[in-house]
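Peer 1: Structure below; questions to follow.
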Amino acid sequence: MNHIPLQALRRSAPFNLPIKFLQFGQGNFMRGFFDWQIDLLNERSGLDAGVVVVRPRGGSGSPLLDVQDGLFTTVVRGLDATGQAVSTCRTIDCVQREINPATMYADYLALASLPALRFIVSNTTEAGIATNDSDAFDDAPPSSFPAKLARLLFDRYAYFEGERAKGVVLLPCELIEDNGPALKAAVLHFARLWQLDAGFAAWIESACVFCSTLVDRIVTGYPQDAAAIEAELGYCDQFMVAAEYYYLFVIEGPAWLADELKLAGADLNIRLVDDISPYKKRKVGILNGGHTALVPVALLAGLDTVGAAVSDGQVGAWLADTLAQEIIPALPLPQDELQQFARDVLLRFRNPYIEHRLSAIALNSWSKFAARIAPQLLRYVEVQGKLPQRLVLALAATMRLYRGDVIALSDDAASLAWFEAAWLDVDSGTQSLAQLVQGWLANGKVWGRDLNAVPGLAPAVTAALARITADGMRGALQAT
């Protein structure tokens, strides 16, 4: 089949959009999440925004997006609100250029003088927003992302002589708590380290806005069936990226950002809020908590993927009931919004285009359980005055999973060693299941407290663990 050049599909003239966004991060997620949304805002609400992508760390030998004039295809696939499978392809043409500061540092610094530049967005992994005392102002470039950003912002401050209107809005998408203030603190660290003009720190404080964000979309990257998609589209695309149907972008920032981003009428799931914490609690409790509760139960029931687990009549019904009856009631948020989010989560888990293996999600299960499930369990006890039996079962199932005979376990060495010794003692008869449970609930390093103090918790977990041991996971589910 003859394939046309991808560049021929550009909807606007190449490199003709004003550069309003700098994007630190060229990976699959930002292309399948952020650039996709900017492209839709350009089309639907006239944002008229071009993006320059910057490699935050350099050193990558992969080709720049420039080899395709910044064009690439997003393949969005999943289940819509009615449960129907949908699959759409979109050619993204908002990216105007990609720059690698490691080899194009002068071009990178020149971005500081762009008159239309208004937003800087980043996704540099959880470790990306970190400081050091070794990056120097004259390094070309500095090694860390915050140092590169601080140098660029200082050059912008100097070029425009501290003009307040040339400040920028920063939208860090790194998955850390309070990512906006964290990035601001990192920039100011280098301002102090480099002993920059005091007016620069004042400009950062008064002219720049650092917004915390929450991002939510599964972006799986280059699709396995890319050849078939290219045959249907009629062109080749080495940067094609596949993403799930669902997405959410929450920005904690001032109300005027809605006008600057032209959100009105765009019909995108972008939320501009005063307080991002309820959305984080919702995501951690329902999406992440649902995953964490599901994994041990589904694995012990003989299942191997999230999709298979949610589609399983017994396990899927248990998860739906856990979300509706034990996790949602423990979240201090509007119940109708939580219920809709839970429905969306179950549709996402059922996505036939994504094979999400339970064994991969099982990594570091105890730290996840402590962060995602334990707060819901304790709040449920506080509010309802009784134990959430399904979450108790998930806790017992996780203990059983850590016997180590179902999947290869990955966790901190101390936790793995504790369970290996504890289960050997159970097998040899030197300790009971009740003693195993009590010993683990007393582990303050995991829980931050002794959970044996929660009335009835240790006996309930012991009973659930005994049912799993005697009757198997499916037998224990029947009794719950």
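The values are calculated or read from the model by the stated rules, or taken from the named source; none is laboratory data. Since the structure is predicted, the reported quantities are computational estimates derived from the model, not experimental observations. Ideal geometry is used to build each Cβ from the backbone, glycine not excepted, and the neighbour counts take in all protein chains shown. Side chains included, ligands, DNA and RNA excluded: accessible areas come from the protein's heavy atoms. Shrake-Rupley method; radii C 1.70, N 1.55, O 1.52, S 1.80 Å.
Peer 1: Rounding to the nearest 10 and keeping the result within 0 to 90°, find how far the Cα-based axis of helix 413-428 lies from the longest principal axis of the chain.
Peer 2: Between helix and principal axis, roughly 20 degrees.
Peer 1: Given axes a ≥ b ≥ c from the Cα gyration tensor, I'd like to know whether the range 331-445 is rounded (a/c under 1.5), prolate (a/b larger than b/c) or oblate.
Peer 2: Taking the square roots of the gyration eigenvalues as a ≥ b ≥ c, the range 331-445 is oblate.
Peer 1: Which shape class, rounded, prolate or oblate, goes with the range 302-382 when its Cα gyration tensor gives a ≥ b ≥ c as root eigenvalues, a/c under 1.5 marks rounded, and past that a/b bigger than b/c marks prolate?
Peer 2: Cα axes put the range 302-382 in the oblate bin.
Peer 1: Of all DSSP beta bridges located in the range 170-296, what percent are antiparallel, nearest 5?
Peer 2: Bridges in the range 170-296 are about 60 percent antiparallel.
Peer 1: In addition: Below 8 Å between Cα atoms, with a sequence gap of 6+, how large is the relative contact order for the chain in percent?
Peer 2: Across the chain, relative contact order equals 13 percent.
Peer 1: Rounded if a/c is under 1.5, else prolate if a/b is larger than b/c, else oblate: which is the range 47-181, with a ≥ b ≥ c the root eigenvalues of its Cα gyration tensor?
Peer 2: Prolate, since a/c reaches 1.5 and a/b exceeds b/c.
Peer 1: Hey, what do the phi angles of the range 65-74 turn into as Karplus ³J(HN,Hα) couplings, whole Hz, using 6.51/-1.76/1.60 and θ = phi - 60°, x for Gly and Pro?
Peer 2: Residue by residue, the range 65-74 yields 4, 4, 5, 10, 6, x, 7, 7, 10, 9 Hz.
Peer 1: Further, regarding this structure: Could you do me a favour and compute the accessible area per residue for the range 333-480, 1.4 Å probe, result in Å²?
Peer 2: For the range 333-480, the solvent-accessible area averages 47 Å² per residue.
Peer 1: By the scheme Lys and Arg +1, Asp and Glu -1, what is the net charge of all other residues having a beta-carbon under 14 Å from that of ASP155?
Peer 2: Within the 14 Å Cβ shell, the charges total -2.
Peer 1: Only helical DSSP H runs with n ≥ 4 go in: add -39500 (n - 2.57) per run for the chain, normalise by residue count and round the 222 nm mean residue ellipticity to 500 deg cm²/dmol.
Peer 2: Theoretical 222 nm ellipticity from helices: -12000 deg cm²/dmol.
Peer 1: Can you give me the % of accessible surface on the range 398-480 that is carbon or sulfur? Probe 1.4 Å, all protein chains present, nothing else counted.
Peer 2: C and S atoms contribute 52 percent here.
Peer 1: Any idea what angle helix 389-401 forms with the longest principal axis of the chain, computed on alpha-carbon atoms, 0 to 90 degrees, nearest 10?
Peer 2: 90
Peer 1: Quick check on the chain: of the DSSP beta bridges with both residues there, what percent are antiparallel, nearest 5%?
Peer 2: The answer is about 35 percent antiparallel.
Peer 1: Carbon-plus-sulfur fraction of the accessible area of the range 162-265, 1.4 Å probe, in percent?
Peer 2: Result for the range 162-265: 53 percent of the exposed heavy-atom area is carbon or sulfur.
Peer 1: Where only protein heavy atoms count, and the probe is 1.4 Å, what is the accessible area per residue for the range 109-158 in Å²?
Peer 2: Solvent-accessible surface per residue comes out at 36 Å².
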